[in-house]
Amino acid sequence: MKYLQIFTISILLFSCSSNKNTTTDLEKIGLNGNIKSLKFDHERNKAEKENENAYYIENEFYFNQKGFISEQRQYSSEGIIQIHDFNYNTNDQLISKTYFDGSRKFMNKSKIENKLNQKGKLIKQSEYRALGNSLTDSINLKYSVFPDQITEFFYDSNWNLTQYNYYDRTSSFIKEVIELNDRGILRNSTIVISDGEIFSVSSYECVEYDSMENCQRYRVTENDSTESFLNLKIEYYK
């Protein structure tokens, strides 16, 4: 489950915006300032270093000057493995993503469908991957009938984002639940959909802030009380 828990951090930055009620990707996780890039770096504890089966994917994000993701890079211990480009409409709504391998060779494309409530807030976002046999024909590109990923968004009475529910078709029996407050990540739970059983929980506590009052180091506590640390490497626009 370590792979899932580290990967899910990227879901906290799944683009969410809508007209006048725009919430930037940076604002959603409580980050301040004009941030150019952000990289999540999991600091292994002793047990994890000794576990030969542990596999991690780290995520790095680049932002445009509006505060939305322009590019996501994924790394393993062997280097960069995937690059994702994010594409928006004039209302800053995410409408598609383009996937490349670590050498920037085209892999796939997806379209995004956004569902808004009466307040104009995004409440559901679905991603549909292009079908492999149509990828060479950009004019007649065909997409999967069923979404590959779904993210649900939940707000408090003041319309501050408080929770994500994330579903992936490759893991159809579980969902990821990410809880937030105005300072960032609180908790990440993996839950069995059929009976609501909690499969695993990671709790996040910020233990170090930078000069912009952005968290740059989290203590991560698992449900078995195991602790590790998550470092955020932040670069700002000058």
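Assorted remarks:
- By the count of other C-beta atoms within 10 Å, a proxy for reagent exposure, SER157, SER194 are ordered fewest to most as SER157, SER194.
- Using θ = phi - 60° and Karplus 6.51 cos²θ - 1.76 cosθ + 1.60, couplings along region 171-176 (whole Hz; Gly, Pro as x): 10, 5, 8, 10, 10, 9
- Backbone amide hydrogens, once placed in the peptide plane, bring ILE174 within less than 5 Å of ILE193, excluding anything fewer than 5 places away on its chain.
- Placed amide H near ILE57: partners under 5 Å, 5+ positions off or other chain: PHE7
- Rounded to whole numbers, the Karplus 3J(HN,Hα) couplings from phi for region 216-221 are 10, 7, 10, 8, 10, 10 Hz, using 6.51 cos²θ - 1.76 cosθ + 1.60 with θ = phi - 60°, and x at Gly and Pro.
- Sorted by Cβ neighbour density within 10 Å, fewest at the top, the residues PHE86, PHE199: PHE199, PHE86
- Residue among LEU31, HIS42, ILE174 farthest towards the positive dipole end of the chain, charges placed on Cβ: LEU31
- What the Cβ-Cβ distance of ILE95 and ASP224 gives, at R0 = 30 Å and to the nearest 0.05, is a FRET efficiency of 0.15.
- The chain - mean residue ellipticity at 222 nm from DSSP helices (-39,500 (n - 2.57) per run, n ≥ 4, rounded to 500): -1500 deg cm²/dmol
- Rg/Rh (Cα only; Kirkwood hydrodynamic radius) as it applies to region 2-236: 0.95
- Inter-centroid distance (Cα atoms) of region 60-103 relative to region 108-163, Å: 15
We did not get these values from a lab; they are worked out from the coordinates using the rules stated. For clarity, every value in this text was computed on a predicted model and none was experimentally measured. Positions of Cβ are backbone-derived with ideal geometry, glycine not excepted, and every protein chain shown enters the neighbour counts.
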